[in-house]
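K.L.:
What follows is a structure written as structure tokens; I'll ask about it next.
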Amino acid sequence: MDDRIEQFLSHLTEEKHFSENTITAYRNDLTQFMLFLGDERAAGWPHLRQQDILAFELNLKERTYAQSTLARKLASVRSFCHYLARSGLLTQDPAEGLNSPQVARKPPRTLTDKEVSLLLELPSRTPTPKGVRDRAILELLYATGMRVSEMTALDVGDVDFANGTVNCGERLASQRTVSLSQPALDALSAYVQEGRKHLLASSDQQALFVNHRGERLSRQGLWLVTKKYVRELGLGDNVTPQTMRHSAAAHRLSHGANVAEVQHLLGHTSPSSTQVYVRIARKRATEPEYVGA
């Protein structure tokens, strides 16, 4: 059964261009499903029944998974079943007609303009190569709203300093060129010219952001950079790089950008994904901080 899962994951990677993180989530979810089925379904996927999926859902509920996690795991199973049916391994799709669990979505947290300003300023208090790098990271996060995986995938050549733009996006559908704010461009220039060379272990390294060993900064590494300054500022542990992405979107809409511009900034394939920030921007417009802004 593992072979079928791997074939499905290859399909998602090669034809759907799903990100590495998404593929990892699918693999974990489907492996869990396979282990749940165990010896009872040892004959293989052709004998999969709708009752098996419902039993798996009940098992997840009994283990008190968060509703969002439950929904994701079942979505992985449904996608896999659709694939098996389209591939001809199943004569009937056992996931057909099954409803998705409803997930109550909370509005994403955003920072205020003042909080962002304080956060961006903090790394400058430590004028070391790491401090210069960290300022560039935070400025770029806020200027572009990039995903963490997109940030860590950047190479030096992706930044066009002459035109003030950066090319980003791991998946074909989300690849885009984004204009940089002047503070982000200045911070990146300072990092590339003054900070990065002191962190490099090899001149052959193409990664834009590198760690203390001179290797490409990992997703976890970038997360830790952000958390260091978030904690220093006392903003709480629920502020992450994703919060900077949310803030970038909401702030631009608050200050006059339209939905299409923010959709491009974030790399959303559908404007409906961007609409959540419209509601946040409207709410922010009534707050005292934005009077006369």
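The values are calculated or read from the model by the stated rules, or taken from the named source; none is laboratory data. Note that the coordinates shown come from a computational prediction; the quantities given were computed from them, not determined experimentally. Note that each Cβ is placed from the backbone with ideal geometry, even for glycine, and that neighbours are counted across all protein chains shown.
K.L.:
Filter segment 161-182 for residues that are outside any loop (DSSP other than H, G, I, E, B) and touching a strand residue (DSSP E or B) at 6+ places or on another chain (Cβ under 7 Å) and give the result.
P.N.:
Thr165, Val166, Asn167, Cys168, Arg176, Thr177, Val178, Ser179
K.L.:
Suppose the filter is over 26 Å from Cys168 (Cβ atoms) and among the β-branched types (Val, Ile, Thr); does Val77 pass it?
P.N.:
Yes, satisfied.
K.L.:
I've got another one for you. State whether the residues of segment 153-166 include one that is over 22 Å from the mean Cα position of the chain (by Cα), surrounded by 22 or more Cβ atoms within 10 Å (Cβ to Cβ) and of a type outside the set (Val, Ile, Thr).
P.N.:
no
K.L.:
Pairs needed: first member in segment 159-179, outside the structural domain of Ser19 (by TED's automatic domain parsing) and touching a residue at least 24 places away in the same chain (Cβ under 8 Å); second member anywhere, surrounded by fewer than 13 Cβ atoms within 10 Å (Cβ to Cβ) and in a loop (DSSP other than H, G, I, E, B); C-beta distance under 8 Å; at least 6 residues apart or different chains.
P.N.:
Correct list of pairs: Ala173/Thr269; Ser174/Thr269.
K.L.:
Does Ser149 satisfy being small (Gly, Ala, Ser), assigned to a helix (DSSP H, G or I) and either within 21 Å of Tyr277 (Cβ to Cβ) or under 21 Å from the mean Cα position of the chain (by Cα) (or both)?
P.N.:
For Ser149, the condition - small (Gly, Ala, Ser), assigned to a helix (DSSP H, G or I) and either within 21 Å of Tyr277 (Cβ to Cβ) or under 21 Å from the mean Cα position of the chain (by Cα) (or both) - is met.
K.L.:
In addition: What are the pairs, 6+ residues apart or on separate chains, where a residue within segment 123-135 that is farther than 20 Å from Met151 by Cα has its Cβ under 9 Å from a residue that is assigned to a loop (DSSP other than H, G, I, E, B) and at pLDDT 95 or above?
P.N.:
none
K.L.:
I'm told Gly234 meets every condition in (1) in contact (Cβ under 8 Å) with a residue 60 or more places away in the chain; (2) at positive phi except one. Can you identify the failing condition by its number?
P.N.:
The single condition Gly234 does not satisfy is (1).
K.L.:
Only one of (1) surrounded by 16 or more Cβ atoms within 10 Å (Cβ to Cβ); (2) at pLDDT 95 or above; (3) over 21 Å from Asp113 (Cα atoms); (4) acidic (Asp, Glu) fails for Glu150. Which number is that?
P.N.:
Here Glu150 clears every test but (2).
Residue by residue, here is whether (1) within 27 Å of Val132 (Cβ to Cβ); (2) in a loop (DSSP other than H, G, I, E, B); (3) of a type in the set (Ser, Thr, Tyr) holds:
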position	(1), (2), (3)
Leu222	yes, no, no
Thr226	yes, no, yes
Gly236	yes, yes, no
Gln242	yes, no, no
Leu265	yes, no, no
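K.L.:
Going residue by residue through segment 117-134, is there one that turns out to be exposed (fewer than 13 other Cβ atoms within 10 Å of the Cβ) and of a type outside the set (S, T, N, Q)?
P.N.:
yes
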